Amino acid sequence: MVRVTSVLLLVSSLVALACGQVEEVLKWQKVEYDVPAEVLQAENGYIPIGNVPMGAVHYKNRVFVAVARRRWGIPSTLNEVVISPPFPNTNLVLKPYPSFALNELRADLQPDVNRIVTVYRPRVDRCDRLWFVDTGMMEIPGNFTIVQRPSVWSIDLKTNQPIHRFEIPKEAVDSGYGLTSITLDVDPTDCEKVFVYISDLQTYRMVVYDYANRRAWRFLHNYFFLNPLEGDYNIQGINFAWDDGIFSIALGNPDPVTKFRTAYFHALSSNSEFTVSTEVLRNETASRRSWHGGDFQLLGYRGGRTQSSIHAFDRETGVIFFALIQQNAVSCWDSNKPFAPQNMAIVYKNDRDIVYPNDLSIDQEGYVWFMTNSIIKLLYTTLNLDEFNFHVWRANIKEIIKGTVCDPAVPPNVLAGQRFGDENNNDRVTFYEFKDKHGPGGGPHGGWGHVANRPGRRH
């Protein structure tokens with residue numbers, strides 16, 4: 001009986017792999033770099049254990065990989081690898097992008113507009129440009145250093161040359177700490193009309209950058225905060241607490257009449273989803289209001305233990321994909337159906353290899369891409385560099401949703417949305433006592449809580 005149970009658990013955890021719907025494209029045991037030998041040999045030049053990829057985005061035969069400087073010994077923050085079948089490509093060496101000179105820190109850690117310090121999750125637009133935020137920070141636990149002001153960058157992917165840098169003013173954001181994801185709102189007909197929406201998980205704000213007019217402003221709203229009842233986690237038996245606020249913004253298709261989009265957003269420590277029109281976000285005057293009326297809306301409740309890092313909208317099918325950090329999974333929802341847990345489906349779950357799915361994006365070829373980086377092990381237990389710790393998968397969107405409730409051809413399971421959890425509060429997590437220690441991750445103490453050794457006062 002024990003043997004049968006074990007087999008069933010293994011099969012259920014790798015069900016999508018067996019169906020051949022999800023393809024592992026990249027995997028690493030540890031991250032290595034194509035940089036000068038003297039850089040690797042220098043003191044704090046390269047320390048393998050601290051090199052944890054935080055973002056991966058696909059463009060043609062390239063994947064851009066970001067490694068945030070959250071430890072000493074990270075030679076380059078923005079990198080690329082060239083991929084080719086058969087997959088998975090294993091332990092590919094990262095090449096600094098677009099050059100090592102742009103990624104190399106000054107020895108005196110002084111500001112330099114020709115260099116970048118820390119990048120989290122770059123994004124590619126339809127105009128062949130790579131966009132990202134340089135936080136300008138060395139986020140070393142116990143030794144946070146603001147090297148320079150945060151800035152928005154874009155690079156021409158055809159020429160591999162930087163084409164734009166905008167330094168975010170202090171009026172919009174105090175520092176770059178917490179600016180870990182961006183979403184691009186590009187006009188369907190004009191590549192010069194771009195709005196960039198930036199999640200600030202640290203101060204619970206959304207920063208908006210108007211590329212055409214070189215202006216930036218920020219919104220503050222209660223919906224950007226964490227839900228304090230949904231900030232405790234258990235991943236691979238590890239208990240910890242995070243207080244990360246607004247973490248991800250996904251954009252729907254333009255309204256055929258108004259041309260504005262619906263922005264879907266959520267905090268990391270929350271099981272709920274919210275919306276606002278980009279008509280509001282693009283209005284700098286609106287950002288100064290102390291009361292937003294009904295412009296920001298609660299869309300609904302995803303279900304218990306559905307805290308999501310990044311989500312993304314597929315413009316062709318209207319489906320949104322969520323990276324679920326407590327379920328080691330990716331889920332989906334058809335945005336044309338009521339927002340309720342019954343109208344959502346798990347399209348991939350992998351309890352063996354998915355340890356904190358930290359990034360998810362949709363490319364121009366109809367594929368959803370997602371990455372896991374095992375950072376939970378680095379923070380709270382041990383990251384074993386002899387094991388495969390970092391993975392990137394892809395799946396054809398139409399194939400992976402076919403026959404699920406996310407398929408536009410399949411009717412919804414329920415006809416009404418669900419705004420809150422069930423009547424017994426089964427969505428609420430158990431509280432654990434923990435002691436914060438300083439470090440990056442979001443919130444006042446950076447979400448670096450110790451592992452709980454015993455249950456707290458509430459169970």
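The values are calculated or read from the model by the stated rules, or taken from the named source; none is laboratory data. As the structure is a prediction and not an experimental result, all values here were calculated from the model. Cβ sites come from the backbone with ideal geometry, for glycine too, and all protein chains shown count toward neighbours. Areas reflect the complete protein model, heavy atoms only, side chains present, ligands, DNA and RNA absent. Shrake-Rupley method; radii C 1.70, N 1.55, O 1.52, S 1.80 Å.
Structure values in brief
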quantity	calculated
Two-site label geometry, Glu365 and Glu192: point separation in nm, points 7 Å out along Cα→Cβ	3.2
Intensity falloff of segment 242-338 expressed as log10 I(q)/I(0), Debye formula with alpha-carbon point scatterers, at q = 0.11, 0.14, 0.18 Å⁻¹	-0.34, -0.55, -0.88
Whole-percent carbon and sulfur share, accessible surface of segment 75-171, 1.4 Å	52
Accessible area in the full protein assembly, largest first, 1.4 Å probe, for Cys127, Cys406	Cys127, Cys406
Cβ charges +1 (Lys, Arg) and -1 (Asp, Glu), total dipole of the chain, debye	460
Dipole-positive endmost among Trp72, Phe100, Ser270 within the chain (Cβ charges, Cα centre)	Ser270
Neighbour cut-off at most 11 other Cβ (10 Å), DSSP loop, GluC sites (Glu not before Pro), segment 101-206	Glu171, Glu192
Cα convex hull of segment 133-243 - mean projected area over all directions, nm²	9.9
Sites Asn283 and Glu23, calculated FRET efficiency, Cβ-Cβ separation with R0 35 Å, nearest 0.05	0.25
Where Leu40, Leu379 fall by accessible area, highest first, once all protein chains stay in place (1.4 Å)	Leu40, Leu379
The chain - Rg (one decimal) and Dmax (whole number), Cα, Å	21.0, 67
Value of relative contact order over the chain, rounded to a whole percent, pairs C-alpha under 8 Å and six or more apart	14
Solvent-accessible heavy-atom area per residue, rounded to whole Å², over segment 57-166 at 1.4 Å	36
Structure-based [θ]222 nm, the chain - -39500 (n - 2.57) summed over DSSP H runs of at least 4, per residue, nearest 500	-2000 deg cm²/dmol
Calculated FRET efficiency for the pair Arg352/Cys127, C-beta based, R₀ 60 Å, to 0.05	0.95
